[in-house]
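My structure is below; once you've seen it, I'll send some questions.
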Amino acid sequence: MDIRPLTDALSVAGQITPADLPALSGLGFRSVICNRPDGESAEQPGWQALAGMAEQAGLGFHYLPVAPGKVTPELARAFGALLEQLPGPVLAYCRSGLRSASLWALSEVGHRDTTQIIEAATQAGFDLRTLLQPHER
């Protein structure tokens, strides 16, 4: 697993497997958000299988699928609402972590300075300047 922290309460990663869930629990994560729609690739485990294993590992699990290139303000608001509700720290994942990081970044606009958002994403290995440019003041 390539876990990339964005904040103390949220990290993102690429696709996880059922075998990763006990390790995530052992690392202190309390909740998982799946941002990858089922069926993007043949080897990808379905979210329901992961949800069942997450429960066995003592983790909460939420499914908020986002198609590649389809990160919207509405989905970002839903992601932000999940972060407020779920016990943390939270791990959000998709194929590479980029969609999850993008959802977080857009959910933070208006709550955190855009420069801080871009800096946190950059430190995690994601260049979100283009995504957030329309939101800069």
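Of all DSSP beta bridges located in the chain, what percent are antiparallel, nearest 5?
Working: 2 of 15 bridges.
Close to 15 percent.
While we're here: Give me the three principal axis extents of the chain from the C-alpha atoms, as integers in angstrom, largest value leading.
45, 29, 24
Grab the other residues whose beta carbon is less than 11 angstrom from that of residue 57, score K and R as +1, D and E as -1, and report the net. Walk me through the intermediate numbers first.
Values: positive: 30; negative: 20, 55.
Combined, the nearby Lys, Arg, Asp and Glu give -1.
What distance in nm lies between label points placed 7 Å from Cα along the C-beta direction at residue 123 and residue 72?
Going from the residue 123 label point to the residue 72 one covers 3.3 nm.
Let me check I've understood the local charge: for residue 11, count other residues with C-beta under 13 angstrom from its C-beta, Lys and Arg +1, Asp and Glu -1. What total comes out? Don't skip to the end; give the middle numbers.
Details: positive: 4, 30; negative: 2, 8, 20.
Local net charge: -1.
While we're looking at this one, here's another question. Can you give me the Kirkwood hydrodynamic radius for the range 40-83, using every pair of distinct Cα atoms, in Å to one decimal?
Details: mean 1/r = 0.0823 Å⁻¹.
After inverting the pairwise mean of 1/r, the radius is 12.1 Å.
Which is farthest toward the positive dipole end of the range 4-135 among 125, 24, 115, measuring Cα position about the Cα centre, with Cβ charges +1 (Lys, Arg) and -1 (Asp, Glu)?
Checked the options; the winner is 115.
Excluding residue 24 itself, calculate the net charge of residues whose Cβ lies under 14 Å from the Cβ of residue 24, where each Lys or Arg counts +1 and each Asp or Glu counts -1. Don't skip to the end; give the middle numbers.
Numbers: positive: 4, 30; negative: 2, 20, 55.
That sum, taken over residues with Cβ under 14 Å, equals -1.
Restrict the search to the range 62-137; then list the GluC sites (Glu not before Pro) that DSSP places in a loop and that have at most 12 other Cβ atoms within 10 Å of their Cβ. Show your work: numbers first, answer last.
On the way: sites: 74, 84, 108, 119, 136; in loops: 136.
Answer in residue order: 136.
Coordinate-derived values only; no laboratory data. Just so it is clear, the model here is predicted, and its values are computed rather than measured. All Cβ positions, even for glycine, are placed from backbone atoms using ideal geometry, and neighbour counts span all protein chains on display.
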